[in-house]
1. Just to be sure, is Lys2 out of contact with any Leu (no Cβ under 8 Å at 6 or more places or on another chain), modelled with pLDDT under 95 and surrounded by 10 or more Cβ atoms within 10 Å (Cβ to Cβ)?
2. Output the number of residues of region 16-70 satisfying the condition of being of a type in the set (Gly, Ala, Ser), more than 16 Å from the ligand (Cβ to nearest atom) and modelled with pLDDT of 90 or more.
3. Suppose we filter region 64-78 for residues that are surrounded by 11 or more Cβ atoms within 10 Å (Cβ to Cβ) and of a type in the set (S, T, N, Q); how many remain?
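The values are calculated or read from the model by the stated rules, or taken from the named source; none is laboratory data. What you see is a predicted model; the values in this text were computed from it and never measured. In this analysis, Cβ positions are derived from the backbone assuming ideal geometry, glycine residues included, and neighbour counts consider all displayed protein chains.
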Amino acid sequence: MKEVKQKVQNIICPMCGEKISIGIELNITRKGNTDIYFPHIHLHGDPLHALICYINSDLKMRNIGVIKSIEISRDSQTFSQLMKKWTNPY
Ligand SMILES: [Zn+2]
């Protein structure tokens with residue numbers, strides 16, 4: 001299987017304590033991110049929450065924050081994209 005994800009690091013979610021393996025899609029890391037820190041979101045948990053991770057160009061995590069307020073558009077395009085992410089699985 002072709003690798004689609006580059007592992008950044010494992011973290012513990014400050015909200016639920018779950019151990020989470022953070023990884024970035026390779027096609028994003030290859031795009032020559034020029035931002036000093038680029039944001040990455042990881043969704044998980046019950047109730048659903050997200051971690052926003054700021055990752056530098058060396059793929060080192062610099063900061064994380066918890067997002068409790070999440071809204072997902074209820075349209076077919078968003079649903080199909082979510083399913084694509086789910087099955088990708090990255
Ligand atoms: Zn969590």
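1. Working: out of contact with any Leu (no Cβ under 8 Å at 6 or more places or on another chain): yes; modelled with pLDDT under 95: yes; surrounded by 10 or more Cβ atoms within 10 Å (Cβ to Cβ): no.
Answer is no for this residue.
2. Count: 0.
3. Filtering region 64-78 down to residues surrounded by 11 or more Cβ atoms within 10 Å (Cβ to Cβ) leaves 64-67, 70, 78.
From the residues that got through so far, the ones that are of a type in the set (S, T, N, Q) too are 78.
Total meeting the criteria: 1.
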